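Asks: Let me begin by handing over the structure; questions about it come next.
The values are calculated or read from the model by the stated rules, or taken from the named source; none is laboratory data. Source: prediction; values computed, not measured. Cβ atoms come from the backbone with ideal geometry, glycine included; neighbour counts cover every protein chain shown. Each accessible area value is taken on the protein alone, full model and side chains, heavy atoms only, with ligands, DNA and RNA left out. Shrake-Rupley method; radii C 1.70, N 1.55, O 1.52, S 1.80 Å.
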Amino acid sequence: YCLSIYMNIQKIDSPWEHWIVDSFLPPDDYSLMLSWFRDQPSKTKEEKAHADGLGVSYEPHIERILEESFLALLSYTEFNSRGVITYELHKMLPDESFDSPHCDTKSKLASLVLYVGAPNKGTFIHESKDSEGVEVEWKQNRALLFFPKQGVTWHSYNNYSTSSDRCTALLNIRR
């Protein structure tokens with residue numbers, strides 16, 4: 001994948017370093033991802049908490065296209081750590097939220113969220129646990145990439161829609 005053809009990358013330094021990437025997947029691959037997502041069931045927070053593993057497994061082709069785009073984007077940054085790529089599917093039900101700002105676990109070296117499907121709320125970036133968040137606007141095929149740091153990379157998300165799921169694909173590199 002050639003970044004200059006598919007991805008529009010914007011690096012932002014405030015309140016902490018992150019990248020916003022439009023056209024994360026090539027159009028045909030995004031369409032495939034979108035149709036696959038539509039066939040997946042939604043789960044409540046409680047069902048997710050009791051699920052085995054890290055969520056629903058992707059089809060091998062979808063894992064490959066996500067991984068290729070993720071690694072291509074990482075090559076654009078100064079990231080050079082090794083770890084295992086994990087995939088998570090999130091279909092947050094209408095009116096569900098994870099409003100409390102949090103930092104990802106120490107096991108995550110890189111985190112990427114890809115917005116899939118109907119317009120919804122993006123991810124809120126916070127300067128501190130108690131600060132007001134600034135939204136990374138939701139756009140289809142937009143990704144947010146950051147490198148988690150305890151006490152620094154505060155973020156939150158929610159689904160204020162009353163009629164549609166908030167669909168995201170999460171990719172992480174873990175220790």
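Asks: List, in order, the whole-Hz ³J(HN,Hα) value for each residue of the stretch 90-97 obtained from phi through the Karplus relation with A = 6.51, B = -1.76, C = 1.60 and θ = phi - 60°; use x for Gly and Pro.
Replies: Residue by residue, the stretch 90-97 yields 10, 10, 7, 5, x, 6, 7, 8 Hz.
Asks: While we're looking at this one, here's another question. If the reach is capped at under 15 angstrom between alpha carbons, list the aspartates and glutamates near residue 108, excluding any in the same chain fewer than eight residues apart.
Replies: 88
Asks: For the stretch 56-175, which whole percent of the accessible surface, found with a 1.4 angstrom probe, sits on carbon and sulfur atoms?
Replies: Exposed carbon and sulfur together represent 49 percent of the surface.
Asks: If you don't mind, there's one more thing I want to ask. Accessible area per residue of the chain at 1.4 Å probe, in Å²?
Replies: Computed with neighbouring chains in place, this is 52 Å² per residue.
Asks: Also, I was wondering about something else. Name the most mobile residue of 24, 147, 79, meaning the one with the largest mean-square fluctuation, in a Gaussian network model of the chain with Cα contacts below 10 Å.
Replies: Result for the chain, Cα springs under 10 Å: 79 fluctuates most.
Asks: Separate question: Where does the chain land at 222 nm, in deg cm²/dmol rounded to the nearest 500, when only DSSP H runs of n ≥ 4 count, each adding -39500 (n - 2.57), divided by all residues?
Replies: That calculation yields -6500 deg cm²/dmol at 222 nm.
Asks: Here's a follow-up. Mind listing the phi-derived Karplus ³J(HN,Hα) values for the stretch 63-74, rounded to whole Hz, using 6.51, -1.76 and 1.60 with θ = phi - 60°, and x for any glycine or proline?
Replies: 4, 4, 5, 5, 4, 4, 5, 4, 5, 4, 5, 4
Asks: Check cross-link reach from residue 11 to the aspartates and glutamates: straight Cα distance under 18 Å, and skip same-chain residues fewer than eight apart.
Replies: Within the straight-line limit of under 18 Å, residue 11 reaches these aspartates and glutamates: 22, 78, 127, 135, 137.
Asks: Also: Give the residues of the stretch 85-99 whose amide nitrogen is closer than 20 Å to a point set 7 Å from the Cα of residue 42 in the direction of its Cβ.
Replies: Inside the label zone: 88-99.
Asks: What are the ³J(HN,Hα) values, in whole Hz, obtained from phi via the Karplus relation 6.51 cos²θ - 1.76 cosθ + 1.60 with θ = phi - 60°, for each residue of the stretch 100-117 in sequence order, with x given for Gly and Pro?
Replies: 6, x, 8, 10, 5, 5, 5, 6, 8, 9, 9, 10, 9, 10, 10, 7, 10, x
Asks: Over the chain, with a Gaussian network built from C-alpha contacts below 10 Å, which listed residue (101, 41, 15) shows the highest mean-square fluctuation?
Replies: For the chain, modelled as a Gaussian network with Cα springs under 10 Å, the answer is 41.
Asks: If I model a spin label as a point 7 Å beyond the Cα along the Cα-Cβ vector, how far apart are those points for residue 28 and residue 106 in nm?
Replies: A separation of 4.5 nm, rounded to one decimal place.
Asks: Further, regarding this structure: How high is the relative contact order of the chain, in percent, counting Cα pairs under 8 Å that sit 6 or more residues apart?
Replies: That works out to 30 percent.
Asks: Under a Cβ-only charge scheme (Lys and Arg +1, Asp and Glu -1), can you give me the dipole magnitude of the chain about the Cα centre, in debye to the nearest 20?
Replies: Once rounded to the nearest 20, the dipole reads 340 debye.
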